[in-house]
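Structure first, commentary second.
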Amino acid sequence: MIQVKQVKSTVPARRLLVLFTASALALLAGCSVSPAYEVPTAAVPHTFKEAAGWQPAAPADALERGPWWTLFGDAQLNQLAESIEISNQNVAESIASYEQARALVREQRASLFPTVNLTGSGTRSGNGSGSGSGNGGVGQQSFSNVSNNYRASIGASWEPDVWGKLRAGVTGAEASAAASAADLASARLSAQGELAINYFSLRQTDAQIALLTSTLDGYQRVLDITRNRFNSGIAAKSDLLQAQTQLANAQIDLSASVQQRAQLEHAIAILLGRAPADFSLAVAPWNVVVPDVPLGVPSTLLERRPDIAAAERRVALANEQIGIARSAYYPSLNLSGSYGGASSKLGDLFNASSSLWSLGLSATQTLFDAGATKASVDAAKAGRDAAVARYRQTVLAAFGAVEDQLSATRALAEQLELRKVASSAADEVEQQMLNRYNAGQVSYTDVVTAQVTALSARRSLVQAQADRQTTAVALIQALGGGWHVPQAQ
């Protein structure tokens with residue numbers, strides 16, 4: 001350690017400041033020990049395999065012009081989705097994490113600058129002697145050589161970032177903040193997607209309830225007819241029992257659908273950050289709109305998906321950790337300086353004759369640590385390699401998710417048309433069987449079979465319509481929603 005002895009001087013404060021600043025600037029031009037960062041490579045196909053023949057009617061910029069959920073044309077969904085960012089607690093947690101990351105960036109940047117402290121003290125001291133009066137008299141204490149001592153000084157200390165350790169910390173903190181921003185976008189997109197899926201499932205359940213209610217009315221009429229036929233001796237009691245069973249089973253299905261609707265309503269309330277008891281959604285017409293989603297080329301997925309962006313930024317953070325670990329191989333430097341005064345009189349404290357100054361430079365170098373520094377560097381490199389692997393796995397999973405939803409979209413479109421044909425045919429068979437039963441041409445078992453088939457076909461048609469909507473939501477999520485790089489930056 002090199003230290004200048006503290007002496008009294010009349011050196012002006014500005015000369016001390018110039019000297020300190022010159023020393024600081026001389027050491028400022030350091031070097032970086034962090035490896036040069038390169039964005040990790042990942043296998044990116046030229047096209048999506050399942051996109052063969054994909055010709056969406058929507059314009060290519062549809063997802064960038066506004067909130068993606070507006071493509072479904074449901075005013076109620078638009079109103080709910082807009083409150084997600086305000087009320088959803090998972091999104092609120094991600095917002096707080098992002099603000100915390102930004103604060104850490106500011107904290108790391110502050111380490112690049114000197115710290116300045118102001119100190120002051122005042123003491124009064126002296127020595128004393130005691131004397132006794134004898135014969136049990138009370139002793140007396142007197143003090144002499146009483147003196148006062150006042151001190152005031154302003155000091156600064158600074159660790160020059162010669163090896164780039166502090167800059168690596170700042171860069172790493174910035175990468176962490178960018179990753180938190182991408183995490184926030186992921187949380188927002190996830191909450192919006194979950195809300196849309198739950199909302200469409202609720203509307204599907206409303207349609208199922210309406211379908212079952214209508215079916216119950218038909219089953220009740222058939223039961224009344226069968227009871228009259230039984231009372232007239234035309235129909236067997238087994239026909240009456242089958243009609244009663246058919247009606248009871250449909251009532252059970254209706255009760256289960258009502259329960260499912262309540263659970264979906266509760267889930268939506270929680271997504272909106274509200275207590276289920278204080279939230280309800282009235283039954284409304286189901287707007288069965290399935291938008292055509294523009295795909296773009298696979299490489300755009302690396303920019304659109306927030307989880308990919310977060311994984312890439314964490315690779316950058318891991319890369320800076322290597323530089324921080326390497327900096328332990330080099331000496332740690334510290335500059336310090338102070339200027340102040342000391343006097344026995346408070347009024348003379350700031351006189352030039354009472355001034356004191358000091359400058360100091362200290363250096364610390366580890367000579368032997370049994371390989372701890374090398375182990376730390378190796379651990380940081382392994383951490384970077386793990387981050388690269390996670391990034392590549394995230395990219396592969398993203399491509400897989402898009403391919404899955406493209407395949408499902410095509411299959412569900414085909415299935416929907418077939419469901420319509422099946423439902424129409426089953427309805428016709430049901431009516432024919434009822435007519436033939438009333439004419440005494442078939443048994444009631446044939447009627448029950450036709451009714452079960454028709455109801456199942458109708459419910460499957462409703463399910464297929466809902467599946468197409470929820471798959472469209474999942475595809476938009478897989479493509480990154482309306483998120484893009486400038487928003488995170």
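Count charges around Ala235 for me, please; just the other residues with Cβ under 9 Å from its Cβ, Lys/Arg as +1, Asp/Glu as -1. Surrounding charge for Ala235 is +2. The convex hull defined by the C-alpha atoms of the range 287-392 has an orientation-averaged projected area of 17.5 nm². Of Ile252, Ile209, Ile84, the residue with the largest accessible area leads and the full order is Ile252, Ile209, Ile84 (1.4 Å probe). Electrostatic tally near Ser460: other residues with Cβ closer than 11 Å to its Cβ, Lys and Arg +1, Asp and Glu -1, net +3.
Rounded, prolate or oblate: pick one for the range 251-290, where a ≥ b ≥ c are the square roots of the eigenvalues of its C-alpha gyration tensor, a/c under 1.5 means rounded, and failing that, prolate if a/b is larger than b/c, else oblate. Cα axes put the range 251-290 in the oblate bin. Every pair of different Cα atoms in the range 75-126 enters the Kirkwood calculation, which places the hydrodynamic radius at 15.8 Å. The 3J(HN,Hα) values that the Karplus relation (6.51, -1.76, 1.60; θ = phi - 60°) gives for the range 265-270 are, in residue order, 5, 5, 5, 5, 4, 5 Hz. Gly and Pro appear as x. Using only the C-alpha atoms, the convex hull of the range 371-433 corresponds to 70 Å³ per residue. Computed from the C-beta positions of Lys49 and Gln251 and an R0 of 56 Å, the FRET efficiency is 0.75 to the nearest 0.05. Loop-located trypsin sites (Lys or Arg not before Pro) across the range 148-237 with a Cβ neighbour count of 14 or fewer within 10 Å are lacking, with loop assigned by DSSP. Prolate is the label for the range 162-309, because the ratio a/c of its alpha-carbon gyration tensor axes (a ≥ b ≥ c) is 1.5 or higher and a/b is greater than b/c.
Would you mind classifying the range 135-238 by shape? Square roots of the alpha carbon gyration tensor eigenvalues, ordered a ≥ b ≥ c; an a/c under 1.5 is rounded, otherwise it is prolate if a/b is larger than b/c and oblate if not. Cα axes put the range 135-238 in the oblate bin. Electrostatic tally near Ala179: other residues with Cβ closer than 11 Å to its Cβ, Lys and Arg +1, Asp and Glu -1, net -2.
The values are calculated or read from the model by the stated rules, or taken from the named source; none is laboratory data. For clarity, every value in this text was computed on a predicted model and none was experimentally measured. Neighbour counts run over all protein chains shown; Cβ positions are idealised from the backbone, glycine included. Surface areas here come from the heavy atoms of the whole protein model, side chains and all, with no ligands, DNA or RNA. Shrake-Rupley method; radii C 1.70, N 1.55, O 1.52, S 1.80 Å.
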